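Below: the structure, in C-alpha cells.
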Amino acid sequence: MITINLYDYKRIVRDVGIQKKLAMVAAASLVVLLICCGTWMLQKMWIWTIEGELSEVQAKVAAATPDYNAVQQLKKQQGQYTKIITGIDKLRSDQARTTEFLEDMGEAVPEGVWLTSIKQMTMKEIQGKKVPFLFISYDKKGQNNRNKKGPKDKFVELKGVGMGDQSIVHFLEQLRSIPYIDAVVLNMSKRQWMDKQPVQKFEIYCHFIKTKPAA
C-alpha cells in the first residue's frame, strides 16, 4: 500500500506559486526600471542638446554684442557730429579767423578731451546765458558799456567731455595761448557717466580780439 502525503504536495504547489508571483513582480520591476532609465537617458540627451544649442546661441550673442554696442555708439556720435558740423559750417560762413581758429583749436585739444558741440555766439546770446566775462556788465538794467558802433564781439561756445579735470585745465591753457583769443571762460564743469565711465562734462566760451577796421 502506497501512502501519499498530500500536505507536502500542497505546500510545494503553494511555494511554487509564490515563487512565480515573486518572479513576475521582479520582472515587472525590472521592466519599469529599464523604462525609467531609458526615459532618463532620453531626457538627459535632450537636455545636453538644448544646453549645446544654448551655448552656441550665447556665443553668437557674445560675438555680436561688440558690433551692436559699436552701432549704438555710432548712432550717438552721429548726432554729436551733426552738431559739430553745423557749428563748423556756421563758423566757415564768417570772415574773421575762422579757418585759422579751427586749425588752432584742433591742435589745442589734448588727449582725453572730446568736443561734442562748436557754436558761434553773439554778445546778445552771451548776455542771455550770463557767461561771466569780466568785460561784460550784468547790472539790474542790463546795460553794457561796450561801443555798439565798433566791431562786433565774436564768441565761440565749445562743449565736450574730458576724462578728468586735468585734461580740461590743459585744454583751457592751450586755448588761452592762441594769440587772437583774449578771454577764455570755463562756464560749467560737472561729473557724469558715459558708457559706465565717469567723465567731466564742460562748457567753454572764447572771445576773439576785435579786428580793427581798415583805414
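Please list, ordered by chain and number, the residues whose modelled amide H lies under 5 Å from the amide H of ASN187; skip anything fewer than 5 residues away on the same chain.
Long-range HN contacts for ASN187: GLU203, ILE204, TYR205.
Measure off 7 Å from each Cα along the Cα-to-Cβ vector at ARG14 and LYS201, then give the distance between these two points in nanometres to one decimal.
9.6
So what is the relative contact order for region 94-208, in percent, with contacts set as C-alpha pairs under 8 Å and at least six apart? Before the final figure, lay out the partial values.
Values: 168 pairs, mean separation 34.3, N = 115.
Dividing the mean separation by the residue count of region 94-208 yields 30 percent.
Could you give the nm distance between label points at ALA64 and LYS190, where each point is 7 Å from its Cα heading toward the beta carbon?
The two pseudo-label positions are separated by 3.8 nm.
Could you grab the Rg to Rh ratio for region 153-204? Cα atoms only, Kirkwood for Rh. Spell out each step's value before the answer.
Numbers: Rg = 12.1 Å, Rh = 11.8 Å.
Radius of gyration over Kirkwood radius for region 153-204 works out to 1.02.
Percent of Cα-Cα pairs per 5 Å bin, from 0 to the last occupied bin, for region 94-208, please list those.
All Cα pairs considered, the percentages come to 2, 10, 21, 22, 18, 13, 8, 4, 1, 0, 0.
Please list, ordered by chain and number, the residues whose modelled amide H lies under 5 Å from the amide H of LYS154; skip anything fewer than 5 residues away on the same chain.
PHE208
Quick note: the coordinates plus some simple rules give every number you see, no bench work behind them. Bear in mind that the values here come from a model prediction, so they are computed numbers and not experimental data. Virtual Cβ from ideal backbone geometry, glycine too; neighbours counted across all protein chains shown.
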